[in-house]
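A quick write-up on the structure given underneath.
The values are calculated or read from the model by the stated rules, or taken from the named source; none is laboratory data. Note that the structure is predicted; figures quoted are calculated from it, not measured. For neighbour counting, all protein chains shown are included, and Cβ atoms are generated from backbone atoms with ideal geometry for every residue, glycine included.
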Amino acid sequence: MLKPYGMLFAFAAMAILLTGACIAGDLMHHSMTVSIYPPDNSLLAVDTVYVAGVHLESGKMTFLLNRSLEIESIESPYGIKWYSQEEIDPAMLKDEPDEDDKEFIARGKGVFIEVLEPLPAEGMIPIVISFSGVLYDSLLPPDRNYSRGFATTTGLIDERGTYLSNGSLWYPFQFDFSFTFRLTVDLPPDYMSVSQGALEREYLDTIRDEKRLVEVWVERNPTPEFYLVAGRYYRHQEVHNGTSIMTYTYETSDSLSQVYLDATRRYLAMYEELIGKYPHPKFAMVENFWQTGYGMPSFTLLGDRVIRLPFIVHTSYGHEILHNWWGNCVFVDYDTGNWCEGLTTYGADYLYKERQGEEAARDYRHQTLITFNNYVTAEKDFPLSAFHERHDSVSQSVGYGKSLFVFHMLRLYLGDEMFWRSLRSFYGTHRYETASWEDLERAFAETSGRDLSWYFDQWVNHTGLPGVSLEAAWTERAAPGHAVMFTLRQSEPSFTLDVPVVVTTETGEVRRSVRLSETEKTFSVTNESRPISLEIDPDFNMFRRLYTEEIPVTIGGAFANDDGTIIIGNREDDTVRMSFSAISHALGIEGDVVNEAQSGAGDLTGTHFWFLGRGDALDGLLRETEVDLAGDRVTVSGSEYEIGGRTFICALRNPRDENSIITIVLSADTESLPGIVGKLPHYGRNSYLVFEGGKALERGVWEAAGSPLRVDFRAR
Ligand SMILES: [Zn+2]
């Protein structure tokens, strides 16, 4: 639900910034005073930037600043010559700039500075830059075909709130530098600000004849980002293990704040035990006036509706907190692939399921595999080394889904204790540095004493979803007891796989893992008791291709492919047909719309089909399934659903084409249809949905039919 840490547009800056570890010499310091004027959408700032003289080539440097900010003066005790220029060649600032880099650079103007006097070999020199102007980038609606989309802006100062990030270029930004800062911000007295680091002072003052609240934020740890958020907030604050924990909310709701403060305490304790000491002086939950789920170093910015969703505190909130270790303390080397989303999702979203119970964890793994199988075709697949951030379901499935499996399988291979010990060592070594997949590999290899280069290479640098088949299985008498013999085969190109095997015997279960690196190999598992069944990876612990039988048909499966044919049924009356016709484009399906009242529906194979309303073609097709449509009722595999006054939607396997999904939409309440269709991508994990008005009254997943990876010996 929540976006990756940092923000969409900040990414461009991050990609440029985070090349190479931040050694001390690359460090800069900002000592900045900024006045925020929400009614005018403007700011007025004086930033004293401290730069190490020894790193300035011939005394020259370039900053980027938002084009709408006016520079009033630039001064230094060493003497300064400067000019600014709007059209700059991105290649001057970044080697091989990509589209994101270019877009980022185009928002700014280049500020070219030359220091005139000889620079000291040691210490830092101050450059004082004064600037002011309006910052208001309107919120843009999210990409509509991506269910996780949010409205976005690069930054704005507004009466509802202020949001400034690297992407806003609201401060003199320089590539390849991390920095520390001291930020003195003054605001109208009914506002409060949030930034990184610690709130060290807060007082009321009169500035330019106005009463203002002054707040001082100090960040002592290197950071590649500079955030300033403000709003009409109430603050609640407690202390946990030396860390200030805070909430900033628009209403003075003690109960909502308390829920978040308690959760913060729990998560900090959990991750301090698993990984190491929380790296920042505070953690704050900050409410936002548009719907976001951003995780910044030491705070999270959550939409006002988001924080009131009851499940957020149990899921995404912990995820954002964990980003303070992964991403906001150990930084990501984007050029070699973003490892931190997979690791954070594994240590948060997944681990919470595991702590709920094995069934919840199994469901989560199964769902992750289903999504990958549905969305990531061989043509769309790309290696983890090329993942930067998610922007659609494919990048989400690779950068989060596959990535979390890389950590899961590694944990199964190394064991719990070794897995967490390796991560503690990784964290201890790379705090406030950028780290890569290679650094992770080194931490796991050194801690466990094993060569893991093959493992990281096959999962990080290569694409592909291994397919494992059970070619043969039989039992033999062994002395003493019984042997289960089985032959596994894998698709080309072959992977080295630890394949989980479960043999159920008359006295219990035997769990093993067998290593398959050949295309085909025969294994045996012996046990004293008589074997009843053999199952290969029944709990979805392996990143692999699923069989059709292992994937329940869902509405998401139908959406996974943009193609499809929409058929408007001929047995609905004119008004209903018109309503269906009106929503057909809103499904976002590319392909034909067939109005059955005017033309035939064809042989119903070769693509997915969306049946809007009852018609002859649908009836003909349903005769070949277990679905019965009679009057106001639908019966699916014995379960009955009332349509009367409602909307019923379900996805089924096409009886005439196993690669095709048919989705049926029946409605006795066509007024609610447009709203329902808009929400449908959010319900992708369901096989069926019953809506009353715009509300999902019932929903669920068909049970998946057996698996070709299971053999029952008793049946023989
Ligand atoms: Zn994340």
- Item | strands (runs of 3 or more DSSP E) contained in the range 170-220 and holding at least 1 residues more than 20 Å from ARG232 (Cβ to Cβ) and in contact (Cβ under 8 Å) with a residue 60 or more places away in the chain | 178-187, 198-207
- Query: Which members of the range 59-107 meet the condition of being more than 39 Å from the chain's Cα centre (by Cα) and without any contact (Cβ under 8 Å) to a residue 24 or more places away in the chain?
  - Reply: none
- Note on the structure: Screening GLY347, GLY295 for residues that are closer than 21 Å to THR223 by Cβ and surrounded by 23 or more Cβ atoms within 10 Å (Cβ to Cβ) leaves only GLY295
- Quick one: would you say GLU272 is of a type outside the set (Lys, Arg) and either at pLDDT below 95 or within 16 Å of the ligand (Cβ to nearest atom) (or both)? no
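Among the residues of the range 557-578, are any within 20 Å of ARG685 (Cα to Cα), surrounded by fewer than 19 Cβ atoms within 10 Å (Cβ to Cβ) and among the charged types (D, E, K, R)? Write out each step before concluding.
Here is the first cut: in the range 557-578, the ones within 20 Å of ARG685 (Cα to Cα) are 557-564.
Now narrow it down to the ones that are surrounded by fewer than 19 Cβ atoms within 10 Å (Cβ to Cβ): 561-563.
Within this subset, residues satisfying the condition of being among the charged types (D, E, K, R) are 562-563.
Yes, the range 557-578 has at least one match.
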- Message: Checking the structure you have, find out if any residue of the range 73-86 is modelled with pLDDT of 95 or more, surrounded by 12 or more Cβ atoms within 10 Å (Cβ to Cβ) and β-branched (Val, Ile, Thr).
- Response: yes
- Item | 3 or more residues among the polar types (S, T, N, Q) and more than 17 Å from TYR334 (Cβ to Cβ): qualifying helices (runs of 4 or more DSSP H) within the range 377-466 | 416-430
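Got a sec? Which of GLY600, GLY606 is outside the structural domain of GLU506 (by TED's automatic domain parsing), under 25 Å from GLY464 (Cα atoms) and of a type in the set (Gly, Ala, Ser)? Break it down into steps so the answer makes sense when it comes.
Working: GLY600 fails: under 25 Å from GLY464 (Cα atoms).
The unique qualifying residue is GLY606.
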- Query: All but one of (1) more than 15 Å from the ligand (Cβ to nearest atom); (2) under 26 Å from ASN288 (Cα atoms); (3) surrounded by fewer than 22 Cβ atoms within 10 Å (Cβ to Cβ) hold for PRO383; which doesn't?
  - Reply: (2)
- Note on the structure: Checked the range 340-395 for anything small (Gly, Ala, Ser), in contact (Cβ under 8 Å) with a residue 40 or more places away in the chain and in contact with a helix residue (DSSP H, G or I) (Cβ under 8 Å, 6 or more places away or on another chain); matches are GLY342, GLY347, SER385, SER393
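Of the residues in the range 334-362, how many are on the phi < 0 side of the Ramachandran plot and either of a type in the set (Ser, Thr, Tyr) or more than 15 Å from the ligand (Cβ to nearest atom) (or both)? Give the steps one after another, and end with the answer.
Taking the range 334-362 and keeping what is on the phi < 0 side of the Ramachandran plot, we get 334-336, 338-356, 358-362.
Applying the additional criterion that residues be either of a type in the set (Ser, Thr, Tyr) or more than 15 Å from the ligand (Cβ to nearest atom) (or both) yields 334-336, 344-346, 350, 352-356, 358-362.
Within the range 334-362, residues that are on the phi < 0 side of the Ramachandran plot and either of a type in the set (Ser, Thr, Tyr) or more than 15 Å from the ligand (Cβ to nearest atom) (or both) number 17.
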- Message: For ILE312, only one of the following conditions fails: (1) within 16 Å of the ligand (Cβ to nearest atom); (2) in contact with a Phe, Trp or Tyr (Cβ under 8 Å, 6 or more places away or on another chain). What is its number?
- Response: (2)
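Can you find, within the range 315-333, the residue that is nearest to the ligand (Cβ to nearest atom) among those that are in a helix (DSSP H, G or I) and hydroxyl-bearing (Ser, Thr, Tyr)? Working first, answer last.
At the first step, the residues of the range 315-333 found to be in a helix (DSSP H, G or I) are 316-322.
Filter again for hydroxyl-bearing (Ser, Thr, Tyr), leaving 316-317.
Numbers: SER316: 8, TYR317: 12 Å.
It comes out as SER316.
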- Just one of the numbered conditions (1) crowded, with 19+ Cβ neighbours inside 10 Å; (2) closer than 15 Å to HIS314 by Cα is not true of ASN373; which one? (2)
- Message: Given the options ARG442, ARG450, name the one that is basic (Lys, Arg) and free of Cβ contacts under 8 Å to residues at least 12 places away in the same chain.
- Response: ARG442
